[in-house]
Every structure is written in structure tokens, then in C-alpha cells.
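The structure under discussion appears below in the form of C-alpha cells.
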Amino acid sequence: MGFELMNRLEVLSRAHGLVMQVYRATESFPKAEQFGIVSQIRRAAVSIPTNICEGKGRGSDLEFLRFLAIARASLLEVRYLTLLSKDLGYWGPDTYRKIESDLDDIASMISKMNTAVRRTLSEQRSVRTNQLSGKRTAESPRRRFPT
């Protein structure tokens, strides 16, 4: 898997960019927040690409779906903490808008991946059902994962 996965899946590249952006944007937070918001938003941001990688690496579409759900939940956590950071005055409107825009894009990519994996699972079930019932079927569908 390794780095070629990162190159193949644009969502990983975008999520990595988000992690870097969150790390940079939280450097100026007050010291009192180092073990509060800073730690929480950084962990949640890192959780997005790591769960996509781990899920993809499991080799099972069902496992991949489970890890995509975790990545999506982490994204929602980052979204809330981004709003909180803005409302507490730690981030200006430009930083907030940029991170929100990136979160929207990444959420859309995760949703498309989820749909593609579910479609593949459905097609595989259909092929298996047809094979069990003795019907002639076309070759098993190829996996399709959007980038």
C-alpha cells in the first residue's frame, strides 16, 4: 500500500493538507489551550486520513466502510472545533473559511467513496446470489474508488 495509495486517492492528499493547516493554525493558540482545543482538533484532524488509510489497508470493503464512517465522524469533530476556535477569537474569518471549505471538499470525497464501496458490495452480492441460483453472470465487477 504505502505512498502509492496516497498518490492514488486525492482524498488522502487533501486530508493531509488539512492536518498540516490545522497544525499551523493552532500554533498561535494560548498556552492554556495546548491540552484542550489544540490537542483535540489536531487528533481529530489526524484521524481523518489515518482512518481512511487503515480502512483501505484492511482489505475488506465492509471494514473500509466502517473506517470511512470513523473518518467522517472525525471530520465533524474538526468542523465543530473549527467553529469554536473562531467564536473564541483564536482564528480569524479567513482561516475559518479556508478550513471549512476544505472540510466540505473532504466530506464530499468521503461520501463519494462510501457510495462507491456500497455499490461494489451490492454488485458483489448480486453476482454471488446469481451464482448460487445457477444464473449465468458477467465477470465479477471491478472495484471503483473515486479520487
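Values in this text are rule-based calculations from the coordinates and carry no lab data. No experiment lies behind these values; they were computed from the predicted model shown. Quick reminder, even Gly has a Cβ in these numbers, built from the backbone with ideal geometry, and neighbours come from all protein chains shown.
Taking the Cβ of each residue in Ile70, Ile110, Ile41, Ile48 as the centre, tally the other Cβ atoms inside 10 Å and list the residues starting with the fewest.
Ile70, Ile110, Ile41, Ile48
Between Ala116 and Leu88, what is the spin-label point distance in nm, taking each point 7 Å from the Cα along the Cα→C-beta axis?
For the pair Ala116/Leu88, the computed spacing is 3.7 nm.
Report the FRET efficiency, 1/(1 + (r/R0)^6), for Ala73 and Lys31, where r is their Cβ-Cβ distance and R0 is 35 Å, rounded to 0.05.
Here the calculated transfer efficiency is 0.75.
Using the count of nearby Cβ atoms within 10 Å as a rough guide to exposure, how do Met113, Met20 rank from fewest to most?
Met20, Met113
Note down the relative contact order for the stretch 1-120 as a percent, whole number, built from C-alpha pairs under 8 angstrom at least six residues apart.
Computed over the stretch 1-120, the figure is 28 percent.
In straight Cα distance, which aspartates and glutamates are under 13 Å from Lys112, not counting same-chain residues fewer than 8 positions off?
Cα-Cα hits under 13 Å: Glu10, Asp104.
Which of rounded, prolate or oblate describes the stretch 2-132 when judged by the alpha-carbon gyration tensor and an a/c cut-off of 1.5?
Since a/c reaches 1.5 and a/b is larger than b/c, the shape of the stretch 2-132 is classed as prolate.
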